[in-house]
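Notes for the one structure printed next.
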Amino acid sequence: MFMRRTVISVVVVCLTSSVSGATMAVAPGAMAAYVPTSSLAAFTLVAPTFEVPSGLLARAVIASGAGCPVLNGSTEAGTDFTLPMKLRPKPVLAGAAYAAVEVCERGIPADAVTAMVGSRVIPASLPDRIDRIALSGESGCRILSNDIQDCSRLSTWPLARISRNIAKNEPDVIINLGDYLYREATCPMNDQNLCASSPPPPGNLPVTGSAASWIADALTPMQPVFDAAPILMVRGNHESCARGGIGFFLFFSPQRSTALQCAPSIVGGVVVVPSNDITPTWHVTWQVGTSDADSHSLTLEVVDSAYGHDGAVSAFAATQRTSYVAAENHVAKSRPDEAWLLTHRPIFGMLPTQFFPNGGSVWSSADQAAASQGLLGRYGLILSSHIHVAQAVNIPRQPGQIVLGNGATELYPKTGYPTPTYGPLSKSDGSALSPLATPYPAPTSTWTDVRFGYAIATPGRDAKSWSFEHQDDRGRIFAECAVARRAVNCQSTD
């Protein structure tokens with residue numbers, strides 16, 4: 001049965017509470033107003049079926065001490081269900097940084113057609129056949145000691161507007177390719193007009209994230225997409241344990257077993273967090289197509305690439321390789337009609353030449369390119385973010401790469417993306433970047449556009465063909481990419 005869900009939009013509300021001396025408040029322009037409530041956000045995560053049989057996990061972020069709400073809903077058979085949600089474990093040593101919130105979760109029944117967390121409607125199911133996927137990445141407002149993005153206006157940090165426009169597209173499912181938390185420093189006194197409402201990093205932990213920063217950077221402005229459809233969340237490098245990892249595993253990790261992955265510990269009297277803590281590769285398989293006649297299986301292999309060097313091949317590549325081997329083994333065993341690789345750091349992604357004024361390879365994510373080498377033959381497409389542009393790259397005999405790093409974080413320069421005459425894992429003169437990895441051939445084509453936005457992917461009538469429609473932050477189409485035969489052909493439309 002081909003079934004679509006009905007989603008009712010709800011009013012987003014926010015909590016004001018003191019956390020480490022900081023007030024949890026949304027950035028100006030992100031919301032018109034807010035009122036106190038014990039419920040901060042509710043959403044449905046795409047989750048691995050080995051932990052959640054339905055593949056969908058309900059989450060709610062609540063004020064500490066409020067008590068978990070119940071998950072209510074109805075099934076295809078017309079029966080109602082009421083299920084208690086359970087607290088997600090929170091690291092003990094996270095202390096004041098996350099003291100104001102708790103997270104509750106519950107797997108959504110496989111036959112659910114409606115679902116509510118308390119009184120808030122959330123997406124309850126996926127259609128039997130998916131034909132519209134929204135994709136984005138790199139969304140937080142960048143606050144570093146030497147680089148301040150204007151978080152106060154939608155024109156300069158348009159995440160709330162992008163979220164609303166993604167929802168207007170009525171996607172069946174949403175994929176976010178990582179890097180949600182960018183508020184990593186105290187707002188400088190000279191930039192109070194840009195980021196005065198942003199909470200400073202916690203003083204009790206060796207990390208940059210806190211509950212307050214996650215509320216401002218993600219939970220509040222992303223609520224329209226949470227209302228619109230189930231969302232698959234990929235971990236980014238800004239969600240490493242030393243940055244926003246505690247919050248990512250508390251709020252967004254789709255696995256019940258990972259809540260404490262970035263839990264701090266005390267070593268030699270000093271509070272520390274784990275490093276190079278890669279989560280195991282996981283996957284999800286959907287039926288996709290424009291009609292029952294061309295319906296086919298699509299498997300997404302999700303690889304955690306939060307760590308690694310971008311400009312050099314290091315010993316970490318051997319550790320990272322186990323993730324790509326696991327993905328390759330699963331695709332080889334399950335043999336879906338089509339497979340995509342989702343990994344935050346692109347395998348084939350280009351930086352602007354301005355980043356290398358004295359010359360140097362523009363290819364990024366060298367550790368990932370080396371770790372995955374020889375393991376990409378079964379994929380029709382690679383999807384990533386990390387680089388703050390929209391981009392497509394074709395390397396001979398490799399799956400096409402699409403980068404969606406324009407989701408609201410400060411963009412890279414608008415120029416400086418010529419098609420390189422050398423391939424990934426090469427220096428600019430064509431020689432090998434490292435004796436540990438073989439250079440790829442030069443790309444056959446590249447395309448880059450630098451403006452805020454997202455993409456809407458729809459399957460074509462030909463097997464394994466797709467159209468990626470790039471829309472800007474106001475919902476206007478600015479490019480279209482055709483994916484077929486493991487290649488990506490993009491054309492700007494304005």
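The values are calculated or read from the model by the stated rules, or taken from the named source; none is laboratory data. As the structure is a prediction and not an experimental result, all values here were calculated from the model. Positions of Cβ are backbone-derived with ideal geometry, glycine not excepted, and every protein chain shown enters the neighbour counts.
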- Task: Could you figure out which of (1) part of a strand (DSSP E or B); (2) closer than 18 Å to HIS344 by Cβ isn't true of GLN287?
- Result: (2)
- For LEU56, which of the numbered conditions (1) of a type outside the set (Val, Ile, Thr); (2) within 21 Å of SER253 (Cβ to Cβ); (3) surrounded by fewer than 17 Cβ atoms within 10 Å (Cβ to Cβ); (4) at pLDDT 95 or above fails to hold? (3)
- Query: Quick one: would you say ARG486 is in contact (Cβ under 8 Å) with a residue 40 or more places away in the chain, crowded, with 16+ Cβ neighbours inside 10 Å and closer than 30 Å to SER297 by Cα?
  - Reply: yes
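Residue by residue, here is whether (1) surrounded by fewer than 21 Cβ atoms within 10 Å (Cβ to Cβ); (2) within 14 Å of THR343 (Cβ to Cβ); (3) at pLDDT 95 or above; (4) touching a helix residue (DSSP H, G or I) at 6+ places or on another chain (Cβ under 8 Å) holds:
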residue	(1), (2), (3), (4)
SER253	no, no, yes, no
PRO264	no, no, yes, yes
PRO280	yes, yes, yes, yes
GLN287	yes, no, yes, no
ASP294	yes, no, no, no
SER297	yes, no, yes, no
GLY311	yes, no, yes, yes
TYR324	no, yes, yes, yes
- Among (1) assigned to a strand (DSSP E or B); (2) of a type in the set (Gly, Ala, Ser); (3) free of Cβ contacts under 8 Å to residues at least 12 places away in the same chain, the one test that ALA479 misses: (3)
- Could you list all residues from segment 350-381 that are closer than 30 Å to ARG461 by Cβ and either surrounded by 23 or more Cβ atoms within 10 Å (Cβ to Cβ) or touching a residue at least 60 places away in the same chain (Cβ under 8 Å) (or both)? TYR379, GLY380, LEU381
- Query: Would segment 171-179 turn up any residue that is at pLDDT 95 or above, in a loop (DSSP other than H, G, I, E, B) and either among the hydroxyl-bearing types (Ser, Thr, Tyr) or over 30 Å from SER295 (Cβ atoms) (or both)?
  - Reply: yes
- Query: Residues THR446, THR409, THR438, THR415: which one is under 18 Å from GLN491 (Cα atoms), of a type in the set (S, T, N, Q), modelled with pLDDT of 95 or more and part of a loop (DSSP other than H, G, I, E, B)?
  - Reply: THR415
- Positions within segment 141-170 being closer than 15 Å to HIS388 by Cβ and assigned to a helix (DSSP H, G or I), in sequence order: LEU159, ILE162
